[in-house]
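Data block below; observations after.
The values are calculated or read from the model by the stated rules, or taken from the named source; none is laboratory data. Because the structure is predicted, anything quoted here is derived from the model rather than measured. Cβ placement follows ideal geometry from the backbone for every residue including glycine, while neighbour counts extend to all protein chains displayed. Side chains included, ligands, DNA and RNA excluded: accessible areas come from the protein's heavy atoms. Shrake-Rupley method; radii C 1.70, N 1.55, O 1.52, S 1.80 Å.
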Amino acid sequence: MQPQTHTITTTANLIRFNFWLDPVFDQIVNASAGLKQTQCQFNDEASAWAVMSQAHAYHICAARDEVPAQWQVTSALLAKAPELLCVSSSGAGYDPIDVAACTEQGVIVVNQSGCNANSVAEHAIGLMLSVKHRIAESDRVMRAAHYTTREDLMGHDIKGLTLGIVGVGNIGRRVAELARVFGMRVLGYDPYVETDELVRRGVEPAGLDALIAQSDIVSVHCPRTSETLSLFNARRFAQMRQGAVFISTARGGIHDETALANALAKGHLAGAGLDVWTVEPPAADNPLLAMEQVVATYHTAGVTHEARHNAARMAASQLCDLFVSGKRPPRLINPEAWPRFEARFTDTFGTNPN
C-alpha cells in the first residue's frame, strides 16, 4: 500500500543563494503555498545569516569551489541554523555538504542524481573521441596556422577498443550504452552494485585491477568520497595499459594530477580527457594544461540546458513534496538520519512526514 500524503499547513522557509538556476525552480517553488523562498547574496553576510537561522531547507550549489567556505554545510553552519531540516544539492554531487555532520544533527541531505546523466555521458564520449581522434589538437593547429601534414595528426578509432567504466550508476550506465553503439567492449567496476545488476546495466563485471589492466580507455564516474580520493594514483596509472587513455568527468581529487602528468610525460599513457580538477578552475600553470595530448574542459560536462532544467525541476519538486506533502524524498543521501529528522519535522510542523 502506498503511504497517504497529506498537506503541511505551516509554511517552511527555504534559503538559497544567487547562483544561477534554471527558472523552473522558482516557478515550481513560488507556486507552492507551503514554501517561502528567500534568495540571499554571498557578500551580504548579516542578512544571509539572519535568514539561515530561521531556514528549514537550504538549497546549495553542488559545485564545491563556487560556494564560499562559510556557506558550505559544516558543523559550524549547522550550529547557526538550528531550524534546518533538509539540505538540497543543486546537482548529483554534494561536495560542499558534510553529510556526517548533517546526520548527527538530524538533517537530511538530498541530491538530484540522474539529472545530468545523459549530458555527462555524452561529454565523456566526446572527450574519448577528441583524444583518440586528436580533434582538439587539430583545432589548435588550424587556429595557429601551424600546418604540416594531416598524417601528423593521425588518430585512432574507438571501435573495437575496451572501455573500463569505474562507477556504474546513472552516468556510467549511459556511458556504457553509448559506448556499445560505437562498437566498444565495456567493462564495469562498482563495489556497490551486485554482479547481476552490473550485467543488466550493460557492462562486463570486473575487479578494479583487472579493469585497469585490460582497458584501452578508463572512464571514471564514481562519487568523491573518502574511499575514492586519490583512487587513481601513480600505482594505478602504472597498472594501465601502455598507450591507454584516462577520462574523468567525476570529481577532482579522485585522480592525482601530478601522477597523471608524470604518466603522460613518460609516454606510458597516450592521452587524457579531463572535465574535473582538484582546484577549479585549475591554475594556468597546471602541467596538464600544457600537454597537447590532454583535452581539458571546465567542469562543463553536466552543464547543458537540458541537464540544468532537469536538476532545477527535480530539486524544486522534491522540496515541495517533502515540505508541502510530507513525502519521503526519493533521492535521500543519508537515510540513517530519517528517524531523527522525522521527530524534528513533527516538532516543527505538528505532523509526521511519510
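See the values below:
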{"read-out": "Inter-centroid distance (Cα atoms) of the range 101-135 relative to the range 231-305, Å", "value": "16"}
{"read-out": "Residue-count net charge about LEU161 - beta-carbon cut-off 10 Å; Lys, Arg +1, Asp, Glu -1", "value": "+1"}
{"read-out": "Zero-based 10 Å bins, Cα pair distances in the chain, whole percents", "value": "5, 23, 29, 22, 14, 6, 1, 0"}
{"read-out": "Charge tally in the Cβ shell below 10 Å around PRO205, where Lys, Arg are +1 and Asp, Glu are -1, PRO205 excluded", "value": "-4"}
{"read-out": "Rg to Rh, two decimals, where the range 242-354 supplies the alpha carbon set and Rh follows Kirkwood", "value": "1.22"}
{"read-out": "For the range 129-262, alpha-carbon Rg and Dmax in angstrom", "value": "16.0, 52"}
{"read-out": "Candidates per chymotrypsin sites (Phe, Trp or Tyr not before Pro) in the range 147-234, loop by DSSP, up to 11 other Cβ within 10 Å", "value": "TYR147, TYR192"}
{"read-out": "Net charge of Cβ neighbours under 11 Å - reference TYR58; Lys, Arg +1; Asp, Glu -1", "value": "0"}
{"read-out": "Whole-number accessible area per residue in Å² for the chain, which is evaluated in the context of all protein chains at 1.4 Å", "value": "46"}
